[in-house]
Amino acid sequence: MNIHLTGKLEKFVRARVESGDYNNASEVMRDAVRLLIAADEERALKLKRLRKGIAEGRKAIAQGRMTTFRTEAEIDAFFRTL
């Protein structure tokens, strides 16, 4: 597999190798891909939790378990009770 990087990214990879943190550019790229995978997994988990929360909220609304606020003062008063 060949990877082409912009000048800025290539400079970054070279700097990481020169710093001694990595032995070569392949190690930098493997670490970068691992971090991207971890970020994607975290994003997917957050989306799953958000969707679950939305579903729970819709269910609560359908069951009449909600509070309606008409003014900002009502919202402020509610949060002061938490």
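Can you list the equivalent-ellipsoid semi-axes of the chain, largest first and in whole Å, using the square root of 5 times each Cα gyration tensor eigenvalue?
Details: eigenvalues 491, 57, 23 Å².
So the three semi-axes of the chain are 50, 17, 11 Å.
Picking from Ala44, Ala25, Ala62, which is most flexible by a Gaussian network model of the chain using Cα springs under 10 Å?
Ala62
Roughly speaking, to the nearest percent, how much of the chain's 1.4 Å accessible area is carbon and sulfur?
Working: 4370 of 7660 Å².
Using a 1.4 Å probe with all protein chains present, the chain comes out at 57 percent carbon and sulfur.
Placing +1 on the Cβ of each Lys and Arg and -1 on the Cβ of each Asp and Glu in the chain, which of Asn23, Leu47, Thr68 has its Cα farthest towards the positive end of the resulting dipole?
Thr68
Calculate, for Tyr22 and Lys48, the FRET efficiency according to 1/(1 + (r/R0)^6) with r their C-beta to C-beta distance and R0 30 Å; round to the nearest 0.05. Mind showing how you got there, number by number?
On the way: r = 33 Å, r/R0 = 1.11.
Working from the Cβ atoms, E equals 0.35.
To make sure I understand the rule: partners must be lysines, Cα under 22 Å from the Cα of Lys59, and not fewer than 8 residues away in the same chain. Which ones qualify?
Leaving aside lysines fewer than 8 places away in the same chain, those within reach of Lys59 are Lys46, Lys48.
Tell me, in nm to one decimal, what length is gained between Ala77 and Ile61 on full extension, where the rule is 0.36 nm per residue of separation less the Cα-Cα distance?
On the way: separation 16, 0.36 × 16 = 5.76 nm, distance 2.10 nm.
Once the chain is fully extended between Ala77 and Ile61, it gains 3.7 nm.
Can you give me the accessible area per residue for the chain, using a 1.4 Å probe, in Å²? Don't jump to the answer; show the numbers that get you there.
Values: 7660 Å² over 82 residues.
Ligands and nucleic acids excluded, the figure is 93 Å² per residue.
On the principal axes of its Cα set, how long, how wide and how thick is the range 41-82? Give whole Å, largest value first.
39, 23, 16
The values are calculated or read from the model by the stated rules, or taken from the named source; none is laboratory data. Owing to the predicted nature of the structure, the values given are computational and were not obtained by experimental measurement. Using ideal geometry, Cβ is built from the backbone for each residue, glycine included, and neighbour counts are taken over all protein chains shown. Protein only, heavy atoms only, side chains kept; ligands, DNA and RNA dropped before computing areas. Shrake-Rupley method; radii C 1.70, N 1.55, O 1.52, S 1.80 Å.
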